[in-house]
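Remarks on the structure that follows.
The values are calculated or read from the model by the stated rules, or taken from the named source; none is laboratory data. Worth saying up front: this structure is predicted, and the values here are computed from it rather than measured. Note that each Cβ is placed from the backbone with ideal geometry, even for glycine, and that neighbours are counted across all protein chains shown. The accessibility values were calculated without ligands, DNA or RNA, using every heavy atom of the protein model including side chains. Shrake-Rupley method; radii C 1.70, N 1.55, O 1.52, S 1.80 Å.
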Amino acid sequence: QVQLVESGGGLVQAGGSLRLSCAASGSLVEIGVLGWYRQVPGKQRERVAHITSDGSTDYADSVKGRFTISGDFAKNTEYLQMNSLKPEDTAVYSCYAVLRYTRDGSLRSGAYWGQGTQVTVSS
């Protein structure tokens, strides 16, 4: 069974910083992509950032220059450093991973998601 668990959310004032972490566990063989999405109730889920195992990164325009994604693919963990936070960054942030794993003796692949962590930025 593959599991992703986030930590690091909370309440912060505008202009402040938070660092989110996500750890993947289970019968993992290889992780190809690590990333973050966020969602506000009533709005469409938004991709925030992702990083590939070769180190390539990509960010949503709304967070470029403020957020930094990093990943330790050997330890199956990823981080999202969020600086200069704005009230509009308030959302539930979920990590995801595209990975390969073993189950019942077979090699499988898929995308898995964490439960999400709340980030609230006050004005």
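Would you pick out the residues in the stretch 1-14 that are open to solvent by less than 40 Å² (accessible area, probe 1.4 Å), under 16 Å from Val119 (Cα atoms) and part of a strand (DSSP E or B)? Let's see the steps before the verdict.
First pass over the stretch 1-14, keeping only residues open to solvent by less than 40 Å² (accessible area, probe 1.4 Å): 2, 4, 6, 8-10, 12.
Next cut, under 16 Å from Val119 (Cα atoms) only: 6, 8-10, 12.
Correct list: Glu6, Gly10, Val12.
Looking across the stretch 65-123, just one residue is touching an Asp or Glu at 6+ places or on another chain (Cβ under 6 Å) and either over 19 Å from Ser7 (Cα atoms) or modelled with pLDDT under 95 (or both), and that is Arg100. Counting residues in the stretch 46-59 that are among the charged types (D, E, K, R), modelled with pLDDT of 95 or more and either closer than 18 Å to Val121 by Cβ or open to solvent by less than 40 Å² (accessible area, probe 1.4 Å) (or both) gives one or more. Among the residues of the stretch 15-36, those identified as open to solvent by 50 Å² or more (accessible area, probe 1.4 Å) and closer than 20 Å to Glu88 by Cα are Gly15, Ser17, Arg19.
Which residue is farthest from Ser53 (Cα to Cα), if the candidates are limited to the stretch 89-123 and must be surrounded by fewer than 14 Cβ atoms within 10 Å (Cβ to Cβ) and among the charged types (D, E, K, R)? Per the criteria, the residue is Asp104.
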